[in-house]
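What follows is calculated from the coordinates using simple rules that are stated; it is not laboratory data. Keep in mind it's a predicted model, so treat the numbers as computed, not measured. Cβ: placed from backbone, ideal geometry, glycine included. Neighbour counts: every protein chain shown.
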Amino acid sequence: ANVCNVSSTREEFTLLFGMNKTWDPEQRKLTVDMTDRIILNPFAAKRLSVLLGNVILQYEGRFGDIQLDVADIK
C-alpha cells in the first residue's frame, strides 16, 4: 500500500489502505484502489499510535530524521 486514509467515530477508528496507480504527475485524474480495511476500537488505536511512534523514533535514531511536508498529511 502507498495510500492510507483514516476516519473515526466515537466507537471505532477505520484505516483504509490502497494503491495510487497514477504515476504521471501531469495526469489530472487520480486513481486509487482502496483494497484493505482495519477497524480498531479507540484503545487499540491509541496503542497502535504509541507503538508506531516508538518504532519511528528508533528508525530516526538509526537513519536520521524523516522529513515530511505538513501538507502531505492533510
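Structure data summary
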quantity	calculated
Computed [θ] at 222 nm, helices only, for the chain once each DSSP H run of length n ≥ 4 contributes -39500 (n - 2.57)	-11000 deg cm²/dmol
5 angstrom amide H check on Val3, placed H, neighbours 5+ away	Gly18, Asn20
Nitroxide proxy distance, nm - points 7 Å out along Cα→Cβ at Tyr59 and Ile39	2.8 nm
Contact order relative to length of region 3-73, as percent, for alpha carbon pairs under 8 angstrom and 6 or more apart	24 percent
Mean Cβ neighbour count within 10 Å, used as a protection proxy, ranking 47-54, 16-23, 63-70 highest first	16-23, 47-54, 63-70
Stretchable slack from Ile66 to Asn20, in nm (0.36 nm times residue separation minus alpha-carbon distance)	14.4 nm
Positive minus negative residues near Asn54 (Lys, Arg vs Asp, Glu; Cβ under 15 Å)	+2
For the chain, average projected area of the Cα convex hull in nm²	6.5 nm²
